[in-house]
1. For residue 46 and residue 17, what does the FRET efficiency come to when R0 = 22 Å and r is the distance between their Cβ atoms, rounded to the nearest 0.05?
2. If I take every Cα pair under 8 Å that is 6 or more residues apart in the chain, average their sequence separation and divide by the length, what percent do I get for the relative contact order?
3. I want to check the label-to-label distance for residue 28 and residue 59. Put each point 7 Å from Cα in the C-beta direction and report it in nm to one decimal.
4. Quick check: the angle from helix 42-51's long axis to the longest principal axis of the chain, C-alpha only, nearest 10 degrees?
5. Could you state the angle between the C-alpha long axis of helix 16-36 and the longest principal axis of the C-alpha atoms of the chain, as a value from 0 to 90 degrees rounded to the nearest 10?
6. If you bin the C-alpha pair distances of the chain every 10 Å from 0, what whole percents do you get?
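Each reported figure results from applying straightforward, stated rules to the coordinates on display, with no laboratory input. Everything quoted here is computed from the prediction, not taken from an experiment. Glycine also receives a Cβ, built like all others from the backbone with ideal geometry; neighbour counts cover every protein chain displayed.
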């Protein structure tokens, strides 16, 4: 969120860390759905959930 337009309560909720974690959860849930359809092995989805992490500094570096 743009800091100058954000109330403190909202800014605390929508930190970069929280936003990236929400996006990651969506991607993990999508991989679970693909698994249910048979496109991704269930074991791979377990590995994704166990190992997927958010690194905000790295994401900013890439952007």
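1. 0.35
2. Here the relative contact order equals 33 percent.
3. 1.4 nm
4. Helix 42-51 sits at roughly 30 degrees to that axis.
5. Between the helix axis and the principal axis of the chain, the angle is about 20 degrees.
6. In order of increasing distance, the bins hold 21, 36, 27, 13, 3 percent.
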